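The values are calculated or read from the model by the stated rules, or taken from the named source; none is laboratory data. Please read these numbers as outputs of a predicted model, since none were measured by experiment. Methodologically, a virtual Cβ is constructed for each residue, glycine included, from the backbone with ideal geometry; neighbour enumeration extends over all protein chains shown. Calculation scope for accessible area: heavy atoms of the full protein, side chains included, ligands and nucleic acids excluded. Shrake-Rupley method; radii C 1.70, N 1.55, O 1.52, S 1.80 Å.
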Amino acid sequence: MNLREATRDDAGFLADMLVEAVNWSPEWKRKSRRRVLRAPNTAHYIAGWPREGDLGVVAEAAGEPIGAAWLRFFSAEDPGYGFVAADVPELTIGVVPAWRGRGVGRALLRGVESRAAEAGIGRIGLSVERKNFAQRLYLAEGYEIVGAGSADADTMVKILT
């Protein structure tokens, strides 16, 4: 597995990974790609990729993409689920189902954090449902719960600098 910078050509794959992130729970009825990309509260995580300030990484194995992590800044007028402040980008991360539980998510997380620090970003925010196994990864990687994003989810932040 290797990591590379996400480019404009990765927009379709990032959209696929957004769909995977939305559909993280096997207990839920799966939301279609069309539904995820048409709903304003989820579509804005990827619409117009890349916008100024966006950055991300793609994990590949044998030349095929297997996961992605990216950061996007939101405003108070159009916040993400894990909105903290306009100067704190929000993380989205998705891994192809066959590659979950194999360290891809952790590698993506560390890769996007490294690129964020190089870009002078001081903090990263995210929203994660409490039942999502990814919350344990975020806690292990130094993210702290800073509030409840909803009845079922926490907003977390990691300080990079």
Mean accessible surface per residue for segment 16-161, computed with a 1.4 Å probe while every protein chain stays in place, in Å²
51 Å²
How large is the helix-only mean residue ellipticity at 222 nm for the chain, computed as the sum of -39500 (n - 2.57) over DSSP H runs with n ≥ 4, divided by its residue count, in deg cm²/dmol to the nearest 500?
-7500 deg cm²/dmol
For segment 130-146, 3J(HN,Hα) per residue [Karplus equation, 6.51 cos²θ - 1.76 cosθ + 1.60, θ = phi - 60°, Hz, x = Gly/Pro]
4, 7, 6, 4, 5, 4, 5, 4, 4, 4, 5, 8, x, 6, 10, 6, 10
Between segment 135-161 and segment 72-90, what is the C-alpha centre distance in whole Å?
14 Å
So which chymotrypsin sites (Phe, Trp or Tyr not before Pro) in segment 1-67 pass both tests, a DSSP loop state and at most 12 other Cβ atoms within 10 Å of the Cβ?
Trp28
Listed peptides 129-140, 79-90 by packing density, highest first (mean Cβ within 10 Å):
79-90, 129-140
Rank Glu64, Glu77, Glu144 by mean-square fluctuation in a GNM of the chain with C-alpha springs under 10 angstrom and give only the top-ranked residue.
Glu77
Karplus couplings for segment 147-161 from phi (6.51 cos²θ - 1.76 cosθ + 1.60, θ = phi - 60°), rounded to Hz, Gly and Pro as x?
x, 9, x, 7, 5, 10, 10, 10, 9, 10, 9, 10, 8, 9, 10
Where Lys158, Lys29 fall by accessible area, highest first, once all protein chains stay in place (1.4 Å):
Lys29, Lys158
Between Ala68, Ala107, Ala76, which gets the highest mean-square fluctuation from a Gaussian network model of the chain, Cα cutoff 10 Å?
Ala76
Please list 3J(HN,Hα) in residue order for segment 4-11, calculated via the Karplus relation 6.51 cos²θ - 1.76 cosθ + 1.60 where θ = phi - 60°; whole Hz, with x for glycine and proline.
9, 5, 6, 10, 4, 5, 8, 3
Take the solvent-accessible surface of the protein heavy atoms, probe 1.4 Å, and return the percent of it on the chain that carbon and sulfur atoms account for.
51 percent
Along each of the three principal axes of the Cα atoms of segment 87-161, give the extent in whole Å, ordering the values from largest to smallest.
33, 29, 17
At a probe radius of 1.4 Å, what is the per-residue accessible area of Thr161, in Å² to the nearest 10?
120 Å²
Need the full-extension length gain, Trp28 to Met1, defined as separation in residues times 0.36 nm minus the C-alpha distance. One decimal, nm.
6.7 nm
